[in-house]
Structures are given as C-alpha cells and as structure tokens.
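What follows is one structure encoded as structure tokens, with my remarks underneath.
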Amino acid sequence: MRSSRLVYTGMSRSGGLMLVLLFIFLSSSVVSAQQKLLTPKEFLGYELGERFTRHHRVVEYYQHVADVMQNVSLTQYGETYEYRPLVYAVVTSPENFRNLEQIRTDNLKRAALIEGAASADRKAIVWLSYNVHGNEANSLEASMWTLYELANPSNSKTQEWLKNTVVILDPCINPDGRDRYANFYNQYGHRMPNSSGDSKEHREPWPGGRSNHYMFDLNRDWAWQTQIESQQRLKVYNQWMPHVHVDFHEQGHNNPYYFAPAAEPFHEVISPWQREFQVMIGKNHAKYFDEQGWLYFTKEVFDLYYPSYGDTYPTYNGAIGMTYEQAGSGFAGLTITTETGDPLTLKDRLTHHHTTGLSTIETTSKNAGRVVEEFEKYFREGNSNPASPYKTYVVKGDNNRDKLAHFTKWLDTHAIKYGFASAGKALRGFDFQTQVQGNFNLTTDDIVISAYQPKSRLLTTFFEPQSKLPDSLTYDITAWNLMYAYNLKAFATPERINVEKKYEALAPAPAVIVKPYVYIFKYESLQDVQFLATLMQKNVKVRAARRAFSAAGENFAPGTLLVARRNNEHIPDFDNLIQGLAKNSGRRVFASMTGFVDKGKDVGSSDVSFLKAPRVAVLIGEQTSSLSGGEIWYFFERNIHYPITHLGTDYIKNVDLKKYDVLVVPEGNYRLFDEAMLGQISTWVSGGGKLIVIANGLNAFAGKEGFALKNYASDNEKSDAEKKDKELKERDVLARYEEAERKQLSDYISGAIYKVAVDNSHPLGFGLGSTYYTLKTNENRFAFLGDGGNVAVIKGKAKPVQGFAGYRANQKMDNTLVFGVEQKGQGQIIYLVDNPLFRCFWENGKMVFANAVFMVGM
C-alpha cells in the first residue's frame, strides 16, 4: 500500500494546512503499520516448529513479504495436479532488484544460452529448493525463516550478502505431498506431542506424503520431466540458470545432518571447481555446526551420478548442486526420541536447514566473483572443448516419426541444441543398436546433436555409450541412456559435425480418402496406442492384424489397426469421425477400397481380431509399491487418457472380478495373495480375465498352484546352481569387515540396461523390433515358461550394455525370462519381470505395457 496526500480546500490557509498535515501524519502511521515486515510468528500466530504449516499459509506469508518489501518479488510459476500454486520468491538488494532483468539476461549470455555480451557487473545467483518430498516437512518451515532474515533490513549480514547475490527460494516443490503429510499429522498429532515412535502420529498411512499426486518421486524427475511440477519448474530454472542450487531433504531420524561435499561417485563431467566449491561450502557449514555442537557428516551416501536429482541436474547445468539431509522425515513428527534417548524436534530440524541455507548464501556471496567466472568457464569449455571423447550424436531420420517428435520435444525442454547437417558424409562411430564401433552414413535427414554447445556436459551424461563409474557404491540407477529407452537407430562419433540447418519434422503424408472399405493405421508407438484408446472411447469397433500383410501398395506389421465400415454402422458420419480423430492425433491414414489384401490375411479373416475395449482395474493400497501404482495410474490417465478403476488391497477380496477384463498388480510385497485369493484370481483368469503382474509382484505367484511361473532353478538344476553360487560366495568369505558393504554389491543390479531378444510376432511384442533394451532394477530371475509365450528373454550369457551389475547377480541372469505370457483357460497372465513403466521415462517399455493391456488375448 502506498501513502497519498489529500489537498483540502474551503478553510483558512492556516487551518487547512493544519488539517492536511494531520491527515498526512495519521495516514503515514497507518501505512507504516501496514507495511511492517512481520516475522513468521507474528504473521502465523505461532512459533515455527510448534506445528506443521499448511501450504496455503506459507504462500500467504511469502506474499506478505513481497507486498511490504521493495526488494522481494513472488511469482506463481505453475499449479499442481491438485490445483495448489507453485511459487518462487526472488530477494536481493534494492539496487540489484531494480536491475533484476539485466542480471538474469546477463547470466544467460554468460552461459551462451542467449546471444549478446554480458555486462561487467557480476552477480551470483543462489536457488534454494524446499520440500521436494512432502513428508520431509521441516524445510518448508525453514524457508519462511530464511526468507524473513534475507528480507529483514535490520539484518546487516544478509543485507551485505545480497549486494552481490540474488537469492531465489522455491518454498515447496511438492505442495500436494506436503499437505497430505501436514493434514495427516494435524489430524493425529497429540496436543502435547508424543515422542514415542509407537504413537499413531508417527505412522503415516499409505502412500505417505513423500510423493506427488501421481505418487512420483519428484527428486527423480528433473531429467525425465514426466510430472507437471517438474515441467513448470524447469521452464523457470532455465530462465535463471543459477550458479548454486540446494535441495533440502530429510533422512532417518537417527542420522546426523549431511551436507556437501558429496560422496563418490562423481560423474566425470563434473568440473574441478564444482568439487572445490562443495568443500568450501561444507567447511563453512561445519563452522556453524561446530559452534553449536551439532553432529554432521560429509562425503558419504549421497553421490553425484544419476542425472535426475535436484543436486546432479543443476550440477550438469553448470551450478554447484547440493543435497542437504536433516534427520527426521515423516516418522519424526513434531518430536521423536532418537536411539541415543535424545529428543529431536521440528524446531531443531528447521533450525539446521535454516543455518545451512544462510551459510550457503554467505559462502557464495564471499566468492561471488569466482562463482560467476567459473560458471561462465563451464559453458565456454562446452562450446569450445567438450569433455567427452564423443563429439557428435547422430539420430537417424528414418526412426519412427512419433519417437523422433517425442525425443526432440524432450531435447527442447532441456535447451539442448540439435538440427541437420549441411551435407551427408561417411562416418565411423559407436552403433547403439549393435554396441560396437562401425561405419555409417550421415544423411541430411538425420538429427545431429553436437557436443559443441552450452549444454555439452548435460547431453554427455544423457547419451554417452558408456558412463565411467568410479565407484559402484551408488545411490540410484547407473544407466539411463535414452537411445536405449526409445530404441533409436543412433550413433556416437568422435568427429565434430556442425548443425547447419534447423530441424523440421516430417509432416504426415496427406490423405484424400472417399469412403473406403477399411481404414488402416500402423501400430508402432505410444501415440498409436493413444489413438487406439481414443477410438475405443468413441465406441469405434477396431480390429488388429495378428500377422503382417500388404494392402493398397503398403506393407503392414502385426498389430496394425483396422477400422472397417462393417460393425461401425451405428456411428453417424463415420468417415468424418475417423478422419477427424486421425488428424487430431497426427495419425497417417491408410485405406483400402476392398477387404481383399495383396498379401497375407484378408480383413475378414479370423487372424484380424476384434479388440474389445477392456475394463481395467489396478490394485492399489497397502502392500503395493506406491511408486509402481502411481506409474500405472499416470500411464493410463496422462499418457493414453484411458479410464481405470482402482481396487484397494483392503477390499479386493470382496470385489466381483467378473466386472473387469484386466487386473494390474503393481510391484509390491504382498500378503493378501493367500491360497483363497490366488484361487479366486485363477478362476477369474480361466474364465477370460487378464492378469498383469509387475516385477517383484511376481513373487506372490511364482511356484504357486495354478500358475506357470517358476523360480529359475528347477529341482534338477538346483544342486548345480547352488554349487556355483557357493563357489562365488567363497571368494568373499575372507573379506575384511570394512569391505563388507562393497562386497554385497556383487548380489545387486543397480539399474543396468540389458539387451533382450523379442518375439515381435507375439501380441506382447507388437510394435517392437527383434530386440528390446530393458532397464533392470531388480535381481528377480525366473525360468522360461514351459507352456507359454517367452516373448522377451535374455539368451545365453547375460551382460549389461550399460550400467553396473554385481558379478554374482549378473551371472544369475543367464537364460532368464524378461516378459512372458501364460495362456490359462480363456484368459492370460502376463509376467513382466522388469518394470516397463519405471519412472515413466522408458518410452519403449510403455509399448510393452500397452500391448499387455490391449493386444494380448486378441
């Protein structure tokens, strides 16, 4: 609110002046009171740490600060799936605030992300991200305290830091999860908080507050950009490109505080300066923690390798990216008794996060000149001298059009540059299809991604054929290459190829069709699945070819969709509907004026099967993995827009499964599948139901009566397998105690990519090639189905094409099932040993899952 002056006339000059002066005094007093910067306690009515603040009140406090302070702004950058606002605040000195746009654009010029020369004025930019995991709930509270101290003009320290530093605060990356947790605790918390872990207030119900609406872990989504919160945040992040980024977290309630420097492995693209500054930051934190006697640790557990974290993604974008972990998490509540018998309170937790937040800003400010200089150097080196031995990635132009469209959109999201070469030429490089070096021809239709660009190190982490893993003791998956996720024909070459022309996607060929006998649509991508789902929901009768055929001068693969005029007589204006839906979906329309095909089975053949729109149920609730359940939910609702019914684990035994055609069982650790429940499901499948089971959910069915899935070793093979396993373990029996954890890695697969053989004549393999790259995130191993379809298998010796797999775990993968189908009576059971929907970024895996839902059983 701004003061105003009132000019009063109609009285004597002296009397009027007195009245005007009195009004100005009173008005200024009121305005001054209204403009006072309130502490969080004054605004909320309670001390931080006394309760969990709901998200909307935090936003209101941020708005208050922005309203009363001339050097603070608040911007809403998006909205969650549950319609909560996503906001960020910017705070700096008043002088910097007046030049904020120039500071921002100067920074982008230093990164060569926009054209032009930056001014000589160098301002550091620090971004603080809070509450990415909803039940790691203290950081949202800490953010209000930090914002206050930065905005408070009486705080001489922060005001000095802000003279050369801009601070961005995102108070809550995950508002939906945060309110889920806060609402739970505020419902069950005692008036006098109970510090016993036995108390209900410490026991969140499934799925807990960690994840977002679709139960995704947003701290694994920075790179893949599947969730709306990630998508909207990254747009803003790329507009600022901060020099320092902190992601605030919580861990187990008995752990000391963790801060930088990070643990090994560090990805090799990380610069020496990024390593050095982490140490500088850590030492400054240690100074404050030492003064208070607070316990902490560094250089353990939390590494910088997987590119989709809130610390690694900023790091690969030139920032000093860091994770800070406070003890607590959802189990801690307002207070919890630790293993040492000491209380850990919410006030303790937020104080620690507040301390490291300010310490980060302080260290950055004191080194602002070098921080900005090294940031600029990071991108300059990417433009002129890429760190990777591979200087160019070539994605062939004859890949599936939909895959290329999705892939290039993803590149745009990350501001990775690409385009066409000016001319073709013969080259040599790594072939992602064969995993060997070979010759290939570059054409002017191929997509060229040069490593000579600002995002050089980022794209290297995404696409390099083999990532160096200095230490296999890592926190997450060790392979993620999108060339395999999309199964693209692509090459990596050490030769520099410049992008000379802007990429333009090939438009689908126009179709001029006049009432054909049958419309024909290829089935090769997720967009084709979306189209099929749309047709079904419009009550269009669709058929699919079981075998390859030729018609109207075109060749069509198994799985091709056919929409005949026959059986669709109920649809008024049939042709306009089909052609309109195809146009809206970007589908190329093929058509035939006859059902008599050139080669293969005719349209009326029994090999061209009617696809019934399935009624799909998905198991959800306690015992299921919330992450897996969320991936399935997201796939149906957001990827293909198809309705499903969630069935709770607490009442599924009382559900009449005959009302559903498909039941999906996510990953999970199940107790509900007792003998009676297995019998009920077996009967339902035999009667025509379709059961889809994912990853470790298979353990509930393997070896059980009525199910063909068996553990890897048969009775005859067990002795040999056990002998081999014993020999492997004997190698480690004399290992030193300090090496025990590392030796255990021999039994684990840390998200490695394997090449598997696919029977793409089987409906589960429709739309795939003869090989599939599976992202294996577990050590599950099952034998080939003795009486069923072994659709995707590891044949012979198992060896990852990328990523880490322990030698004992890897040897157990020889000759194992990956995806299989058991025919049971009139129904089917689809066994998906690896999760094809893992984090919903494995694009080819979505095709496998869609086939399980729509194609198997045709």
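What is the dipole size for the stretch 268-309, taken about its Cα centre, with +1 at each Lys and Arg Cβ and -1 at each Asp and Glu Cβ, in debye to the nearest 20? Intermediate values should be presented prior to the final figure.
Working: 4 positive and 6 negative charges, 18 e Å.
For this selection, approximately 80 debye.
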How far, in degrees from 0 to 90, does helix 228-240 lean away from the longest principal axis of the Cα atoms of the chain, to the nearest 10? 50
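I'd like the projected area of the stretch 140-225, averaged over all directions, using the convex hull of its alpha carbons. Report it in nm² with one decimal. Display every interim value, and only then the final one.
Details: hull surface 34.8 nm².
Its Cα hull, projected and averaged over all orientations, spans 8.7 nm².
In whole percent, what relative contact order does the chain give with Cα contacts below 8 Å and a gap of six or more residues?
Values: 1774 pairs, mean separation 80.8, N = 858.
That works out to 9 percent.
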For helix 715-730, report the angle its Cα long axis makes with the longest principal axis of the Cα atoms of the chain; keep it between 0 and 90° and round to the nearest 10°. 40
Report, to the nearest 10°, how far helix 13-34 tilts away from the longest principal axis of the Cα atoms in the chain, using its own Cα long axis and a range of 0 to 90°. 40
What ranking of Ser606, Ser73 comes out by heavy-atom accessible area, probe 1.4 Å, highest first? Ser606, Ser73
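Kindly rank 350-359, 52-61 from highest to lowest mean number of other beta carbons found within 10 Å of each residue.
Details: 350-359: 24.1, 52-61: 18.6.
In decreasing order of mean packing, 350-359, 52-61 become 350-359, 52-61.
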If you keep only loop residues by DSSP, which trypsin sites (Lys or Arg not before Pro) in the stretch 501-550 have at most 14 other Cβ atoms within 10 Å of their Cβ? Lys502, Lys538
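Where Lys and Arg each count +1 and Asp and Glu each count -1, what net charge lies around Arg380 among other residues with Cβ under 11 Å from its Cβ?
Result for the local shell: -2.
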Using the Cα centre as the reference, give the magnitude of the dipole from point charges on the C-beta atoms of the stretch 307-432 (Lys, Arg: +1; Asp, Glu: -1; all else neutral), rounded to the nearest 20 debye. 760
Checking the stretch 576-661 for GluC sites (Glu not before Pro) in a loop per DSSP with at most 16 other beta-carbon atoms within 10 Å yields Glu622
Given the options His64, Ala327, Leu295, identify the residue whose Cα lies farthest towards the positive end of the charge dipole of the chain (+1 on Cβ of Lys, Arg; -1 on Cβ of Asp, Glu). His64
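Which whole-number value in Å² is the accessible area per residue of the chain, probe 1.4 Å? Please list the in-between numbers first.
On the way: 35440 Å² over 858 residues.
Accessible area per residue: 41 Å².
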The stretch 43-134, Cα convex hull volume normalised per residue, Å³: 139
Please report, in debye to the nearest 20, how large the charge dipole of the chain is about its Cα centre when each Lys and Arg carries +1 at its beta carbon and each Asp and Glu carries -1 there. 2080
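Could you work out the Kirkwood radius for the chain, taking every pair of different alpha carbons, averaging 1/r and inverting it, reported in Å?
On the way: mean 1/r = 0.0335 Å⁻¹.
One over the average 1/r among Cα pairs gives 29.9 Å for the chain.
Tell me what the chain gives for mean residue ellipticity at 222 nm when only DSSP H runs of n ≥ 4 count, each as -39,500 (n - 2.57), the sum divided by the residue total, rounded to 500 deg cm²/dmol. Present the calculation step by step, with values, prior to reporting the outcome.
Details: 24 runs with 276 residues, N = 858.
Helix-only estimate at 222 nm: -10000 deg cm²/dmol.
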Relative contact order of the stretch 392-516, defined on C-alpha pairs under 8 angstrom at six or more residues apart (%): 39
Among Trp127, Trp161, what's the order by accessible area (1.4 angstrom probe), most exposed first? Trp161, Trp127
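Need one number: % antiparallel among DSSP beta bridges in the chain, to the nearest 5.
Values: 74 of 112 bridges.
Beta bridges within the chain, antiparallel portion: roughly 65 percent.
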For Glu50, Glu495, Glu362, Glu675, what's the largest-to-smallest order of accessible area, 1.4 Å probe? Glu675, Glu50, Glu495, Glu362
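Would you work out what percent of the accessible area of the chain, with all protein chains in place, is carbon or sulfur (probe 1.4 Å)?
Numbers: 17440 of 35440 Å².
So the carbon and sulfur contribution to the accessible surface is 49 percent.
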Give the separation of the Cα centroids, the stretch 182-243 to the stretch 475-526, in Å. 35
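Would you tally the net charge around Arg110, using a Cβ to Cβ cut-off of less than 10 Å, leaving Arg110 out, and scoring K and R as +1, D and E as -1? Numbers along the way, then the final one.
Details: positive: Lys109, Arg122, Lys377, Arg380; negative: Asp106, Glu373, Glu376.
Neighbour charge sum, excluding Arg110 itself: +1.
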Among Trp480, Ala490, Val514, the residue whose Cα sits farthest towards the positive end of the charge dipole of the stretch 467-586, when +1 is placed on the Cβ of each Lys and Arg and -1 on the Cβ of each Asp and Glu, is Val514
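Could you sort the peptides 757-768, 389-400 by per-residue average Cβ neighbour count (10 Å cutoff), highest mean leading?
Descending mean neighbour count gives 757-768, 389-400.
The values are calculated or read from the model by the stated rules, or taken from the named source; none is laboratory data. Just so you know, these numbers come straight off a predicted model, no measurement behind them. When we count neighbours, we look across all protein chains shown, and the Cβ atoms used for this are built from the backbone with ideal geometry, even at glycine. SASA here: full protein model, heavy atoms, side chains in, ligands and nucleic acids out. Shrake-Rupley method; radii C 1.70, N 1.55, O 1.52, S 1.80 Å.
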